[in-house]
1. Report, by residue number, each residue of region B:211-232 that is hydrophobic (A, V, I, L, M, F, W, C) and touching a strand residue (DSSP E or B) at 6+ places or on another chain (Cβ under 6 Å).
2. Can you tell me which residues in region A:101-117 are within 14 Å of chain B (Cβ to nearest Cβ) and surrounded by fewer than 24 Cβ atoms within 10 Å (Cβ to Cβ)?
3. Out of everything in region A:180-218 that is acidic (Asp, Glu) and either under 21 Å from A:ASN242 (Cα atoms) or touching a Ser or Thr at 6+ places or on another chain (Cβ under 7 Å) (or both), what residue ends up being surrounded by the fewest Cβ atoms within 10 Å (Cβ to Cβ)?
4. Within region D:262-289, can you find the residues that are more than 13 Å from chain A (Cβ to nearest Cβ), in contact with a Gly (Cβ under 6 Å, 6 or more places away or on another chain) and not aromatic (Phe, Trp, Tyr)?
5. Can A:LEU177 be described as surrounded by fewer than 24 Cβ atoms within 10 Å (Cβ to Cβ), facing chain B (nearest Cβ under 7 Å) and not in a helix (DSSP H, G or I)?
6. Please indicate, with yes or no, whether at least one residue in region D:205-217 is without any contact (Cβ under 8 Å) to a residue 40 or more places away in the chain, under 19 Å from B:ILE262 (Cα atoms) and aromatic (Phe, Trp, Tyr).
7. I'd like to know if region A:184-196 contains one or more residues that are of a type in the set (Lys, Arg) and over 22 Å from B:SER188 (Cβ atoms).
8. Quick check on this structure: which one of C:THR173, C:THR207, C:THR218, C:THR212 is of a type in the set (Ser, Thr, Tyr) and touching a Lys or Arg at 6+ places or on another chain (Cβ under 6 Å)?
4 protein chains.
Amino acid sequence: MKMGFIGLGSMGSEMARNLIKAGHELTVYNRTRSRAEPFAALGARIADRPSEAARDVDAVITMLADDRAVEAVVFGADGIMDSLKEGNAHICMSTISVALSRRLKEAHRERRQHYVAAPVFGRPEAAAAAKLFIVAAGPSQQVQQCQPLFDAMGQRTFNAGEDAPAAHVIKITGNFLISTVIESLAESFALVRKSGVDPNLFLEIMTNSLFTAPVYKTYGALVAAQKFEKVGFKLPLGLKDNRLVMAAAEDAAVPMPMASLIRDRFITAIAQGLSEADWSAISSVSFREAGL
Amino acid sequence: MKMGFIGLGSMGSEMARNLIKAGHELTVYNRTRSRAEPFAALGARIADRPSEAARDVDAVITMLADDRAVEAVVFGADGIMDSLKEGNAHICMSTISVALSRRLKEAHRERRQHYVAAPVFGRPEAAAAAKLFIVAAGPSQQVQQCQPLFDAMGQRTFNAGEDAPAAHVIKITGNFLISTVIESLAESFALVRKSGVDPNLFLEIMTNSLFTAPVYKTYGALVAAQKFEKVGFKLPLGLKDNRLVMAAAEDAAVPMPMASLIRDRFITAIAQGLSEADWSAISSVSFREAGL
Amino acid sequence: MKMGFIGLGSMGSEMARNLIKAGHELTVYNRTRSRAEPFAALGARIADRPSEAARDVDAVITMLADDRAVEAVVFGADGIMDSLKEGNAHICMSTISVALSRRLKEAHRERRQHYVAAPVFGRPEAAAAAKLFIVAAGPSQQVQQCQPLFDAMGQRTFNAGEDAPAAHVIKITGNFLISTVIESLAESFALVRKSGVDPNLFLEIMTNSLFTAPVYKTYGALVAAQKFEKVGFKLPLGLKDNRLVMAAAEDAAVPMPMASLIRDRFITAIAQGLSEADWSAISSVSFREAGL
Amino acid sequence: MKMGFIGLGSMGSEMARNLIKAGHELTVYNRTRSRAEPFAALGARIADRPSEAARDVDAVITMLADDRAVEAVVFGADGIMDSLKEGNAHICMSTISVALSRRLKEAHRERRQHYVAAPVFGRPEAAAAAKLFIVAAGPSQQVQQCQPLFDAMGQRTFNAGEDAPAAHVIKITGNFLISTVIESLAESFALVRKSGVDPNLFLEIMTNSLFTAPVYKTYGALVAAQKFEKVGFKLPLGLKDNRLVMAAAEDAAVPMPMASLIRDRFITAIAQGLSEADWSAISSVSFREAGL
């Protein structure tokens, strides 16, 4: 397919690379142009502004850091809103607020464009290995047409129905679940360690019995080692995602005390100078509080 | 082996049955004798008091509901403390406090008896199917000798080292982890439901991507359905286990805010009349608070 | 003094009335003009747009519901920004975010206008009785010149220094303190009631010993009676103020777990249909959870 | 009156001294006898065991550190249970659990002795100055007879009805309220300080407007100064009182999330080496978390 691709950060650049590898024809745009340039050698066209990346393509993908970035690229001057043709689709793979996802759905509908929400689970390594999990929602025909794209980037796509924002609800709630795993392991490890048990032993037993999920293995290893320099997902981005779930919960009038607790962990971690660390560093708060 | 087995509740009776099936010779004791009687037909000897179940056996297993029950059976009148021979082992498979586990270790040591802690993960169905996960700790020779017993009752045994109470640390911390899964799913489902997404869809996506662990599948299904009449583990027992982790954490000076939050869920659930429900019913608090 | 007064809600209308009573000459503005009209009979001039209320006056007071309202009136079309003369003051008595207060300080400085922050403590009855507590901060000369105005509206003015936004920091933190009183009384009353003690007896003992402060008497009576129809301060406004303190705390990297807990109370109360009640109705969450 | 007085700690010794000063005839008992000896010079008789302090007196007062101490002195060997005459009263002024207070009521009733619960609010300075607040409950005739005693020790007595344990419900709930004040001030001061406002200025404004209660002044000064060496009430005793309120709340099925939060603060403070500090040192947790 002829695709626009906007946002070449640590996730987006891997995803774009996999699309090219699978034979798709890309026009790429990145605010900082230097990150886009290597893609010329791979055969991609480099756009000077977002609108160009959405012109003369079958669809345009956005993979950006937050609401503000998506708003700028969609609704801003030279945004994709005006250049995207009627009947073409904007595939939003960024993790954005449910509120913005709803607004995008509405805005595209008014212009007879299509809107597919397709946020992803997975860290940069998974993106590089085309092992992302993709949650897609939107008009079923469009979602179906996107399947070859998703196959090029992920290991599995889940269909979340016709209402695009549902995919973002699922994504941010899923991220909340991950954050609860980090916090629960942090508290557990602090307890076992101060009770004379090696956290790695505890983790090994858990991940070979009831907690066999990848998320416990990946984060368990990070939390047990208390090493957070290698950054898969920066701590302030974790706070951003926490903000998204708390905003959605407030809009829907759903109290989420675990999300509140984790928010306080993020803020404490930032107060203690961990803004550059991986988000699993919120676990260090439990360790410090326990005097470890 | 010639074994004593004390405690024939919903877990213990299945475990004892599996030991007999595997060819071990049992003397069983249960406070309410009627629960012991069916075992006569299976070839077990029925003891009239705990001490009898620990006499003339290679080792004695206790599988009881709480600290109080274990204390009564071990230290009480006609307890096993006096009848168990020097060099023989008490295998404590109950979920008890770390403090009591430490006290048992000391008391048995003084009488030159052995103490093996071997608590289990799994609900009654898993006990019946000999699919328990067993965490064993204690003197390595004794733990090794117990392996055929564990093989008859569980699908896998984890060795947690020479210090018996470590097994109980791991067990109660593991139960804490399970409780965090229930609460995190409860909050998640309340949010997705009020945001227009079917909790079952959310659960299916999660358990087929990052959260493939049995614990998410088992409890996810219960929480999504909000059906708690079929009781695998009664709610007040969940509060008891929460108490165990909070006591261990207080002793070790480890703050565990998630455990505190979950304690409040248990108490709320009890205040709202859910004492007879499965412990996953603490999830109904999130649903009620959200107005669902 | 010749004063502009913008915002004639339940607080502002009482405050404006007291200024007129004290002999000040007012030009009033309210978005919904009908609320302004009664002031003509009191001798006030009625402005058609915010800018008019800031023209040909010594200073202009804004007493509005939230950030959005203040931004509209200050920075919007026909806002006060352009009509206020150099050297004249904007006295912001609304409870707004620290961030907006900082922005106002900067914006007025650039135009050589003065900015005084003077938020108030007190419910509408206190405003009517000129019994407000006023926390004023800003350039000392301007704050001093405002004193006769403050004396007409309040029982006491506190000087919070030269940095105007400090007054808003104090105001929103003070509101947080009040919210903690409501929640702590709610939990206390639920406990004493279920333990067989009359909450009113408990309250009487507390407010005649260690807790002699008005805030315990006022809110204690409301919480004990669980009557929230008479609305001094609407529940969603309480959530708004909670949002202000949580935003300030996030900006300053200060975790505030009590504020988080109270946020969840507000959201629960809204989910349970209490949006029209007084904000002390968050106490009903504790009562419901306890099964009362 | 002829009185027994058991428990001459930092509170009890001041209270006993005030009783002697008021002309009452005392027989005193303290486990560590050296603390009792100075009372001989004041004319008191020194008992060698608790039972002696309850013999040949009109009533006996106990003022001890915790449940265990009261149980030992009442039910233990040489306890007061056997020596106290029918019709005489045990006046329990210690802060004990509601459960123990209920048990004492029952036990004394069975022996036709009277039981008056009369716990106190106030730190050692208040005890020395006879400025305690006393909450008394029990049979009205006995409570009335105790009035001269209470007048000698306190500035005011509150009557909490005929059911003695109600006084302990009120006392431990009152202590919970105090702990919420410490925590709310800690969070507030951390916020204002990191926002550039002097906590003392904030405190002065609060305690001169809505928060005029002594408890805000006393603890506000301690928390603002972050000086905890002068110990009025030791931190682990604060945790003990928190345990009492949480136990009462669990028994009554009342979730108290603020009490849970404060429990975690105590445990964190202990993990960070503050066991010898005044209980207001739990406020340092908020300061540390905020990076102050």
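The values are calculated or read from the model by the stated rules, or taken from the named source; none is laboratory data. Owing to the predicted nature of the structure, the values given are computational and were not obtained by experimental measurement. Backbone-built Cβ (ideal geometry, glycine too); neighbour counts: all protein chains shown.
1. Once the filter is applied, which keeps residues that are hydrophobic (A, V, I, L, M, F, W, C) and touching a strand residue (DSSP E or B) at 6+ places or on another chain (Cβ under 6 Å), region B:211-232 yields B:PHE228, B:VAL231.
2. If the condition is that a residue be within 14 Å of chain B (Cβ to nearest Cβ) and surrounded by fewer than 24 Cβ atoms within 10 Å (Cβ to Cβ), then A:ARG102, A:LYS105 are the ones that fit.
3. Out of the qualifying residues, it is A:GLU183.
4. Within region D:262-289, D:ASP278 is the sole residue that qualifies.
5. The answer is no for A:LEU177.
6. Checked region D:205-217: no residue is without any contact (Cβ under 8 Å) to a residue 40 or more places away in the chain, under 19 Å from B:ILE262 (Cα atoms) and aromatic (Phe, Trp, Tyr).
7. Yes; the residues of region A:184-196 include at least one that is of a type in the set (Lys, Arg) and over 22 Å from B:SER188 (Cβ atoms).
8. Just one listed residue meets the conditions, C:THR207.
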